[in-house]
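Below: one structure in structure tokens.
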Amino acid sequence: MTPFRSATAMAVASTLLATTLTGCQFGGQAQDTSPIVIAADLELSGAAAGVGKAYRQALTLKVEQLNASGALNGRTIDLRVKDNRSDASESLRNIVDFSNDSSVSAIIMGGCNECAVGAVRTVNEKQIPTVALAAAGAVASPVAERRYMFKLAPNAADNAGAITVELRRRSISTVGVLRSDDAYGREGVQALRGEFNKVGIDILAEASVRGTDTEVDRQAGTLVSAEPQAMVLWTAPEQAMLGATAVKRAGFRGSLFLDAAAAGDLFLGTAGRAADRATMVFTQTMVIDDVIATTPAKAARRQWFQDYTARFGGYHGSSSFAADAVQLIVDAELRAGGPAGKVDRDGLRDVLETSQLDGLSGPIRMTPDNHSGLMPQALTTLVARNGRWRLAS
């Protein structure tokens, strides 16, 4: 062993010994070995079941990894999952049940925008820290009315800005927009218009699609007939692939651009040919096998990609958000401290509000003024090639 490693090992051992002696020999507070209970309200059935199941897989894998890591100071994570059936009313019942359980430290909500926005009042009244994986800005803003609600997903303004940069780079001045028929879809079009107005890009046609729609030929026909140079698909993954196929079938030969909410499986399956050469704004972790791991954070993202792929036979883009939500809550719980065996939701909320993490999704920064923590720097440009997503540059 080198002198440096020997000294480091001794320092670590001394720190651990001092901590043990303080707690056990000098009458300090006993070590807390109580479980960290995290509840999850997910779309495991219904229209959004595909993404919900990917979240459950990610949560399960991340919890298993942390429990096996030995980094929880003798504690373990207890994950409790309920299906909201992609229904906001069912989701709210789950949130009430979880918040009434005094053993639950925090809640993770899935990607359902309507569910997360609908739960805001209850989350605040029950004073239970909640991290939503939904993209709508209204989930976490205004912060003054959402003290216990946090969001971990790409933001509409950041997505719109990145798409606009790419459109300008290609000298595209006219687009059609297929958006989801919900708060996030409306927010997205507003964000796109704001960015487009700065650089002279026109939206020639706009159409909406519901999460339950299984075909979008009518909307595709409307958009293609306006003859835009490019199409922006601002929808959930299933509808984005339907949209890509439908506009190609309707004769569109221009460029396709996808918002981050459209990210689904790494491999495009039956939609691969229609989506070929499409551009998507998303996090680098989706294609981390294309990236040289030059930093510890990139190495961790590559390892997560490999672990998830080995476990589940493929990769889903949004899985990293769920894993980061677990990490944020666990870190906050351990930092908040409090009496052994007692859940301190207020303390956890206060720590969560100032959390910083170089996460699996990218850099995450929460502040008292911003409860939507994913930084714009987390986003990059991906391109569909040969049936899967690749790093564009």
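The values are calculated or read from the model by the stated rules, or taken from the named source; none is laboratory data. Since the model is a prediction, treat every value here as computed from it, not as a measurement. Every residue, glycine among them, receives a Cβ derived from its backbone with ideal geometry; neighbour counts consider all protein chains shown. Remember, those area values only see protein heavy atoms, side chains included, never the ligands or the DNA or RNA. Shrake-Rupley method; radii C 1.70, N 1.55, O 1.52, S 1.80 Å.
Using packing as a proxy for protection, rank 128-134, 89-95, 141-147, 291-297 so that the peptide with the highest average count of other Cβ atoms within 10 Å comes first. Walk me through the intermediate numbers first.
Working: 128-134: 28.0, 89-95: 19.3, 141-147: 14.4, 291-297: 11.3.
For the peptides 128-134, 89-95, 141-147, 291-297, the packing ranking is 128-134, 89-95, 141-147, 291-297.
Can you tell me what the convex hull of the Cα atoms of segment 100-212 projects to on average, as an area in nm²?
8.1
Would you work out which of VAL123, ASN159, SER141 lies farthest towards the positive end of the dipole of segment 105-175? Charges go on Cβ: Lys and Arg +1, Asp and Glu -1.
The listed residue farthest towards the positive side: ASN159.
Now a separate question. Measure nothing but the geometry: give the 0 to 90° angle between the long axis through the Cα atoms of 88-100 and the longest principal axis through the Cα atoms of the chain, rounded to 10°.
10
To continue, here is another question. Using a simple charge model, +1 on the beta-carbon of Lys and Arg, -1 on the beta-carbon of Asp and Glu, nothing else, what dipole does segment 200-257 show about its Cα centre, in debye to the nearest 20?
Dipole about the Cα centre, nearest 20: 140 debye.
How many Å² of accessible area per residue for segment 171-233, probe 1.4 Å?
Numbers: 2940 Å² over 63 residues.
On a per-residue basis, segment 171-233 sits at 47 Å².
Taking springs between alpha-carbon atoms closer than 10 angstrom, which of ARG345, ARG193, ARG56 fluctuates most in the Gaussian network model of the chain?
ARG193
Could you do me a favour and compute the accessible area per residue for segment 76-125, 1.4 Å probe, result in Å²? Provide the component values of the computation, followed by the final result.
Numbers: 2120 Å² over 50 residues.
Using a 1.4 Å probe on heavy atoms only, each residue of segment 76-125 averages 42 Å².
If you don't mind, there's one more thing I want to ask. What length, rounded to one decimal in nm, is gained on full extension from GLU215 through to ARG93, with 0.36 nm per residue of separation minus their alpha-carbon distance? Walk me through the numbers before you get to the answer.
Details: separation 122, 0.36 × 122 = 43.92 nm, distance 3.11 nm.
So the chain would gain 40.8 nm between GLU215 and ARG93.
Once the Cα atoms of helix 3-24 and of the chain are each reduced to a long axis, what angle between those two axes, in degrees from 0 to 90 to the nearest 10, is obtained?
The helix 3-24 is inclined about 70 degrees to the chain.
When the convex hull of the Cα atoms of the chain is projected onto a plane and the area is averaged over all directions, what value comes out in nm²?
Details: hull surface 82.9 nm².
Value for the chain: 20.7 nm².
Over its Cα atoms, what ratio of radius of gyration to 2.2 N^0.38 Å does segment 159-227 give?
Normalised Rg, Cα atoms only: 1.13.
How big is the charge dipole of the chain about its Cα centre, in debye rounded to the nearest 20, if each Lys and Arg gets +1 on its Cβ and each Asp and Glu gets -1 on its Cβ?
Details: 40 positive and 41 negative charges, 185 e Å.
Dipole size: approximately 880 debye.
Quick one: which of 72-78, 255-261, 152-158 comes out on top by average Cβ neighbours within 10 Å, and what's the full order, highest first?
Working: 72-78: 15.0, 255-261: 26.0, 152-158: 23.7.
So the peptides 72-78, 255-261, 152-158, ranked by packing, come out 255-261, 152-158, 72-78.
Which three semi-axes in whole Å describe the equivalent ellipsoid of segment 184-296, each the square root of 5 times a Cα gyration tensor eigenvalue, listed largest first?
On the way: eigenvalues 118, 67, 36 Å².
For segment 184-296, the semi-axes come out at 24, 18, 13 Å.
Ignoring any ligand, DNA or RNA, what whole percent of the accessible area of segment 187-331 comes from carbon and sulfur when the probe is 1.4 angstrom?
On the way: 2870 of 5970 Å².
About 48 percent, which is the carbon plus sulfur part of the accessible surface.
Hey, what's the Cα Rg ratio for segment 252-393 versus the globular rule of thumb, 2.2 N^0.38 Å?
Working: Rg = 17.6 Å, N = 142, 2.2 N^0.38 = 14.5 Å.
Cα Rg divided by the expected 2.2 N^0.38 Å: 1.21.
In addition: Only four residue types carry charge here, +1 at the Cβ of Lys and Arg and -1 at the Cβ of Asp and Glu. Report the dipole size of segment 90-219 about the Cα centre in Debye, rounded to the nearest 20. Write down the numbers at each step before the final one.
Details: 15 positive and 17 negative charges, 93 e Å.
Roughly 440 debye for segment 90-219.
Please determine, in degrees from 0 to 90 and to the nearest 10, the orientation of helix 237-249 with respect to the longest principal axis defined by the Cα atoms of the chain, where the helix direction is its Cα long axis.
The angle comes out near 20 degrees.
For segment 324-387, compute Rh as the Kirkwood radius over C-alpha pairs and then the Stokes-Einstein diffusion coefficient at 37 °C and 0.692 mPa s; write the answer in µm²/s, rounded to an integer. Working shown, then result.
On the way: Rh = 13.3 Å.
Answer, rounded: 247 µm²/s.
Something else about it: What does the extension gain come out to for ASP346 and ALA144, with contour length at 0.36 nm per residue minus their alpha carbon separation? Can you show the working numbers first?
Details: separation 202, 0.36 × 202 = 72.72 nm, distance 1.54 nm.
Going from the current span to full extension adds 71.2 nm.
Which aspartates and glutamates have a Cα lying under 12 Å from the Cα of LYS82, excluding residues fewer than 8 positions away in the same chain?
ASP41, GLU43, GLU90, ASP97
Gaussian network model of the chain, Cα springs within a sub-10 Å range: biggest mean-square fluctuation belongs to which of ARG85, ARG365, ARG311?
ARG311
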